[in-house]
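Here the structure is laid out as structure tokens; the discussion comes afterwards.
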Amino acid sequence: MLKRINSTFTSVANLEIDAQGWCKQAQILLSPNFTERPADTQVDLLVIHNMSLPEADFSGDYILDLFQNQLDCDAHPSFADLRGLEVSSHFVIRRDGQLFQFVSCLARAWHAGLSSFQGREKCNDYSIGIELEGCDTCPFTDAQYASLSLLTMSLLQHFPIQHIVGHNEIAPRRKTDPGPFFEWSRFQQSISKQFAF
Ligand SMILES: [Zn+2]
């Protein structure tokens, strides 16, 4: 977990988040899997995930399909469990660093599931979710760290994010992502000195 240590943020980010909560530089693929956030919600948590479909295979567009409820569940045996699943994330960063957005940051994406952070449940209500295309058994790419850093710095300018956590930290018995290969110290250094462990 990274905790914000400096509330003033002056870095100039290269990615723009518009007033409707969309990143202008992301490729937009609309997901139907979202709801409005509860009234007067402060978006103060950023959640880092990893995901791959099939597991540890980065060759297809299946994550993009899943988040749009367009996954062909017959395409791979492991997809059988995903039939009827309605999930999303605000962002996906693919292995080449390409950024996709599925849900406005102003809305509640369905990425965290049953979750709790510092006694507050339903993390989807007050968080933004970023999926790194990856798995628990291999490193992420330089391009992914670069995109994640730029995106995070832009989000920090728009939302009062106080903590950055892994999915495993808010759903500890259910989830392991982003996994042991996610380099928290590298990420922390790349988003300036606004956050500390
Ligand atoms: Zn996750």
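Of all residues in segment 174-197, those that are over 14 Å from Val47 (Cα atoms), among the charged types (D, E, K, R) and at pLDDT 95 or above total 3. The set of residues from segment 95-130 being within 12 Å of the ligand (Cβ to nearest atom), touching a residue at least 40 places away in the same chain (Cβ under 8 Å) and not in a loop (DSSP other than H, G, I, E, B) comprises Ala109, Cys123, Ser127, Gly129, Ile130.
Across segment 36-54, the number of residues qualifying as assigned to a loop (DSSP other than H, G, I, E, B) and more than 13 Å from the ligand (Cβ to nearest atom) comes to 9. Of the candidates Phe67, Phe79, Phe58, the single residue that is within 18 Å of the chain's Cα centre (by Cα) and either open to solvent by less than 20 Å² (accessible area, probe 1.4 Å) or at positive phi (or both) is Phe67.
The numbered conditions (1) hydrophobic (A, V, I, L, M, F, W, C); (2) within 26 Å of Gln42 (Cα to Cα); (3) within 16 Å of the ligand (Cβ to nearest atom) are all true for Cys135 except (2). Output the residues belonging to segment 146-197 that are open to solvent by less than 40 Å² (accessible area, probe 1.4 Å) and within 12 Å of the ligand (Cβ to nearest atom). Selection gives Val165, Gly166, His167, Ile170, Ala171, Asp177, Pro178, Gly179, Phe182. None of Ser59, Ser89 is among the hydroxyl-bearing types (Ser, Thr, Tyr), in a loop (DSSP other than H, G, I, E, B) and either within 15 Å of the ligand (Cβ to nearest atom) or in contact with a strand residue (DSSP E or B) (Cβ under 8 Å, 6 or more places away or on another chain) (or both) except Ser89.
The values are calculated or read from the model by the stated rules, or taken from the named source; none is laboratory data. Here the structure is a predicted model, which is why all the values come from computation and not from measurement. Cβ sites come from the backbone with ideal geometry, for glycine too, and all protein chains shown count toward neighbours. Accessible surface is based on the protein model in full, side chains and every heavy atom, while ligands, DNA and RNA are left aside. Shrake-Rupley method; radii C 1.70, N 1.55, O 1.52, S 1.80 Å.
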